1. Looking at (1) among the polar types (S, T, N, Q); (2) free of Cβ contacts under 8 Å to residues at least 12 places away in the same chain; (3) closer than 23 Å to ASN84 by Cβ, find the lone condition where GLN10 falls short.
2. Looking at THR69, is it surrounded by 20 or more Cβ atoms within 10 Å (Cβ to Cβ), touching a Cys at 6+ places or on another chain (Cβ under 9 Å) and among the hydroxyl-bearing types (Ser, Thr, Tyr)?
3. Do we find that ASN45 is surrounded by 16 or more Cβ atoms within 10 Å (Cβ to Cβ) and assigned to a loop (DSSP other than H, G, I, E, B) in this structure?
4. Please work out if LYS8 is charged (D, E, K, R), assigned to a loop (DSSP other than H, G, I, E, B), at pLDDT 95 or above and loosely packed, with under 15 Cβ neighbours inside 10 Å.
5. Inside the range 74-102, can you point out the residues that are closer than 29 Å to PRO53 by Cα and of a type in the set (A, V, I, L, M)?
6. Select from the range 121-180 the residues that are assigned to a strand (DSSP E or B), of a type outside the set (A, V, I, L, M, F, W, C) and more than 25 Å from ALA80 (Cβ to Cβ) and list them in ascending order.
7. So which of ASN95, ASN108 ends up being in a helix (DSSP H, G or I), among the polar types (S, T, N, Q) and touching a residue at least 60 places away in the same chain (Cβ under 8 Å)?
8. Can ASN61 be described as at positive phi and either β-branched (Val, Ile, Thr) or in contact with a helix residue (DSSP H, G or I) (Cβ under 6 Å, 6 or more places away or on another chain) (or both)?
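The values are calculated or read from the model by the stated rules, or taken from the named source; none is laboratory data. Just so we're clear, the structure is a prediction, and the values are computed from it rather than from any experiment. No Cβ is skipped: glycine too gets one built from the backbone with ideal geometry, and neighbour counts run over all protein chains shown.
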Amino acid sequence: MCKLVLPKTQHLILNDKNIQNRQIFIIGDVHGCYDELKDLLILANCEADRILPIFVGDIVNKGPHSVKTIRKVRELNAYAVRGNHEEKALMHYFNWRKRCCVIPEKYNWIKDLDEDEIHFLQELPYTIEIPTKDAIIVHGGIVPGVSLENQNLTDFITMRSLQRNGDKLIASPSISLNEAWASLWFGPGHVYFGHDAARGLQQYPYAWD
């Protein structure tokens with residue numbers, strides 16, 4: 001198996017120059033649902049120059065149009081973080097390129113991407129921080145009390161819950177017998193995340209799904 005290729009910038013910081021006085025519109029897991037994304041963009045007037053879309057990862061897989069969805073995100077000059085589905089797709093792609101394995105059918109769409117589009121997926125950061133908005137965007141979650149630089153990268157894209165081990169909080173992808181990580185997040189920063197569809201809408205004081 002090939003070693004996962006990490007983005008050059010794992011934690012992206014957006015400043016006023018990046019935002020340019022635009023309103024920020026955060027979009028959850030699209031999962032290749034291109035037509036529904038187009039409808040949402042029209043509804044939110046996201047084609048306008050005054051709106052900056054930011055995607056919380058998992059823009060691919062499950063739905064029928066992963067390639068078209070990626071191209072739409074790039075066309076918008078939007079920002080996005082890496083989700084578990086982007087990471088899995090990249091792993092299968094690079095293994096296939098190294099002739100290590102056959103790409104599973106549900107990831108075959110990645111063969112239709114050109115090198116620039118592969119590079120786009122590869123360089124998606126794990127987090128986006130907007131200090132002027134006191135906001136952090138991540139796909140899965142963040143363990144409280146640990147700096148972004150010292151978090152486990154896998155937790156950013158897979159965690160849904162926290163387990164208590166004495167005074168320590170341990171990330172878990174499971175929702176069974178565990179606490180929603182967002183319920184235990186009290187800053188710094190207000191976190192916007194996706195991934196945890198099973199729990200439905202989550203709106204805690206410092207974290208929204």
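1. If we test GLN10 against (1) among the polar types (S, T, N, Q); (2) free of Cβ contacts under 8 Å to residues at least 12 places away in the same chain; (3) closer than 23 Å to ASN84 by Cβ, just (2) comes out false.
2. Judged against the criteria, THR69 is a match.
3. no
4. Criteria met by LYS8.
5. Selection gives LEU76, ALA78, ALA80, VAL81, ALA89, LEU90, MET91.
6. GLN163, ARG164, ASN165, LYS168, GLU179
7. Just one listed residue meets the conditions, ASN95.
8. Yes, satisfied.
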